[in-house]
Each structure stands twice: as C-alpha cells, then as structure tokens.
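Working notes, structure below.
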Amino acid sequence: MTITLRPALDSDIGALWALRTVAVRVSCATHYAPEQITAWTATPVPRAYAAMLAAGGGVVAMQGEAIAGYAMLDADKQEVEAVFVDPARAGLGIGKRLLAALEQLARGHGIARLHLSASLNAVPFYRAAGFISLREEAYAHPSGISLASVAMEKALAAA
C-alpha cells in the first residue's frame, strides 16, 4: 500500500502520541531498561507540539487511513524533535521519507544545520541519513529520568 505524506494537524496529536508510545516501547526496548521505558512512555504530550504544528513543523505518513509515522521539526531550535514509525510498518522507508520531508521544511526556514538528540537505537538510522555524531550525552527527559543519547547534526545543502 502506498505511503503518502501530509502536514500534521492539531487533531492528530493524540494519535501521534499513541504511536510514539508504542514505538518507544518496541523500538527502544533493545537499548534501554524496562523502568526507563515505563517512565519515558508515561509522560504527557509536550506543550511544544501544538506550537510546532502551528508553525507547520509536523509531517504525518499515511498508509491508507492509518497513521504510519510522523516527524516533528522545531524550527526555532533548528532541531529534529521527533521521527517515529509504527513498529508494525518498520523497514518500509517511512522514517527516511519523513526525515527528508523535515529537511525540506528546515531548508524552507533557512536552516543550514539540523540538530537532534538520538536515542541509542536510532543512531544508525540518522547516521545513514547523513547525520554525524557530535558526542554521547545524557538526555534529561521531561519524566525526570536521564536517557543515554547521542547529539547529532547534519549540514543541509541549499534548496
């Protein structure tokens, strides 16, 4: 079935957060302890999500009527906030397409360098997309836990 991309809407937030929770539980379980996953997935939707969507920073991948994945750009911070794919649809290139769409949005905002904090399981994905590792770091998650992650960046070619 074909994957189509569309802008994320405010009305999508609940479904996007639910998909993110499943993705974290499945995809991150290989690199993080169960108690970290529990705390990580118990957090509410960040207030910043609505602002990012209002600024046009959200992209949703649709497979038929189902949300297959989504990505969020925080243009103010020049940062990839999120790229999540439904684990049942992994390996179809959805994440790659979402990230490419975010890079295009970033270029439209005049962003020359994109930054992100990658979960350990996502580092190979971002590296394959041209991001370089800057340093390992402890990400201070809103839940109060510390998550090992990797700060990464990518210089964007001009549009």
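In the stretch 4-94, the convex hull through the Cα atoms has an average projected area of 6.1 nm², a quarter of its surface area. If you take percent of Cα pairs over 22 Å apart from the coordinates, which of [x] 54; [y] 39; [z] 44 do you get? This structure yields the entry labelled [y]. The residues packed around Ala55, meaning those with a beta-carbon under 9 Å from its beta-carbon, carry a net charge of -2 if Lys and Arg are +1 and Asp and Glu are -1. As a length-normalised measure over Cα pairs under 8 Å and 6 or more apart, the relative contact order of the stretch 64-144 settles at 25 percent.
Ellipticity at 222 nm from helices only: DSSP H runs of n ≥ 4 in the chain, each -39500 (n - 2.57), divided by the residue count, give -9500 deg cm²/dmol. Largest accessible area first, the listed residues Ser119, Ser27 line up as Ser27, Ser119 when surface is computed with a 1.4 Å probe on the assembled protein chains. As a length-normalised measure over Cα pairs under 8 Å and 6 or more apart, the relative contact order of the stretch 1-150 settles at 23 percent.
Computed with a 1.4 Å probe on the full set of protein chains, the accessible area for Ser133 sits at about 50 Å².
Karplus-based coupling profile of the stretch 142-150, in residue order and whole Hz: x, 6, x, 8, 10, 10, 5, 8, 10, with θ = phi - 60° in 6.51 cos²θ - 1.76 cosθ + 1.60 and x standing for Gly or Pro.
Could you pull out which residues in the stretch 26-70 have an amide N less than 20 Å from a spot 7 Å beyond the Cα of Leu92, following the Cα-Cβ vector? Of the residues in the stretch 26-70, 26-28, 59-70 have backbone N under 20 Å from the label point off Leu92. Tell me which of Ala100, Pro142, His115 sits at the most positive position along the dipole axis of the chain, charges placed on C-beta atoms (Lys, Arg +1; Asp, Glu -1). Of Ala100, Pro142, His115, it is Ala100.
The values are calculated or read from the model by the stated rules, or taken from the named source; none is laboratory data. Because the structure is a prediction, the values reported are computed rather than measured. Because the Cβ atoms are built from the backbone with ideal geometry, glycine has one as well, and the counts that use them run over all protein chains shown. When the accessible area is computed, the model is the full protein with side chains, heavy atoms only, and any ligands, DNA or RNA have been set aside. Shrake-Rupley method; radii C 1.70, N 1.55, O 1.52, S 1.80 Å.
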